[in-house]
Amino acid sequence: MLKTTRITALMMGLILAAAPLAGAAETEVRQFNVLVDGSKAGSHTMKITKNDDGSVVISCEAHVKVKVAFVTAYHYDYLGAEVWKDGRLVSLRSRCDDDGKKFEVSADAGEKNLTVKVNGREKTVRGDVYLTSASCLPDAKRRDGALPLMEADNAEEIDGKIEELSSGDMNVAGQTKKVTRYRLKSLVPHEIWYDGDDRMVRQEWTEDGHKTVLELVNIK
């Protein structure tokens with residue numbers, strides 16, 4: 001597991017590499033607990049910055065450790081910085097340790113496609129992909145039906161689909177907020193709740209019989 005000082009330095013580098021040269025107009029930090037089968041197993045932090053040029057930088061940091069009888073059965077560490085503008089991914093920088101499988105991803109937008117590198121190997125990906133980090137909703141015109149996806153941590157491409165399920169009130173970090181629930185169909189279907197700012201407040205999925213929940217606990 002990465003030490004705190006290394007994590008901080010790495011995140012700073014990722015953000016500087018991904019962010020455009022523009023003034024920051026607004027920044028918000030959202031902190032989530034990660035629950036696996038009802039027990040806290042880690043944390044997920046999402047930082048969203050709106051720049052004066054209309055671009056949005058989304059920085060994510062996640063650390064998960066699942067223990068069985070005091071032995072670590074699974075661990076996951078992720079650092080990523082995404083830049084979006086006009087509904088399109090401009091760039092991505094991420095590093096991930098998925099239970100020992102390590103990935104370093106970079107993606108940069110060209111005129112139509114993305115140039116993506118995964119552990120130094122380059123490939124071309126369609127330019128309208130939506131990332132599975134799913135921190136914010138895609139544009140309104142792309143919220144129902146087929147949605148090309150790319151895994152933020154390993155750049156795997158997926159023929160995805162998104163659909164709205166319901167809307168209503170939810171207790172979010174101690175406050176009642178109007179939210180909308182979506183299902184994002186990828187390799188493993190996820191249900192994701194977004195608030196009125198189109199930002200994630202909760203996420204749930206079940207894989208290998210284990211239910212994982214991202215639960216928003218603080219906004220600052």
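The values are calculated or read from the model by the stated rules, or taken from the named source; none is laboratory data. The structure displayed is predicted, hence computed values, not measured ones. Here the Cβ positions follow ideal geometry from the backbone for every residue, glycine too, while neighbour counts run over all protein chains shown.
Structure above, values below:
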read-out	value
Where a residue in region 134-149 is at pLDDT below 95 and its partner, wherever it lies, is surrounded by 12 or more Cβ atoms within 10 Å (Cβ to Cβ), with Cβ under 8 Å and at least six apart	D139/G87
Residues of region 37-84 classified as in a strand (DSSP E or B) and small (G, A, S), total	9
Test result for L14, surrounded by 15 or more Cβ atoms within 10 Å (Cβ to Cβ), at pLDDT below 95 and within 22 Å of R199 (Cα to Cα)	yes
Only one of Y182, Y194, Y130 that is aromatic (F, W, Y), closer than 29 Å to D99 by Cα, touching an Asp or Glu at 6+ places or on another chain (Cβ under 6 Å) and crowded, with 19+ Cβ neighbours inside 10 Å	Y182
Filter result for the condition that a residue is surrounded by 21 or more Cβ atoms within 10 Å (Cβ to Cβ), of a type in the set (G, A, S) and over 13 Å from the mean Cα position of the chain (by Cα), over A69, A73, A107	A107
Enumeration of residues in region 115-138 that are assigned to a strand (DSSP E or B) and over 17 Å from V57 (Cβ atoms)	T115, V116, K117, V118, R121, E122, K123, T124, V125, R126
Selection count, region 197-212, where residues are surrounded by fewer than 19 Cβ atoms within 10 Å (Cβ to Cβ), of a type outside the set (D, E, K, R) and in contact (Cβ under 8 Å) with a residue 60 or more places away in the chain	1
Identity of the residue in region 85-104, in a strand (DSSP E or B) and among the small types (G, A, S), that ends up surrounded by the fewest Cβ atoms within 10 Å (Cβ to Cβ)	S91
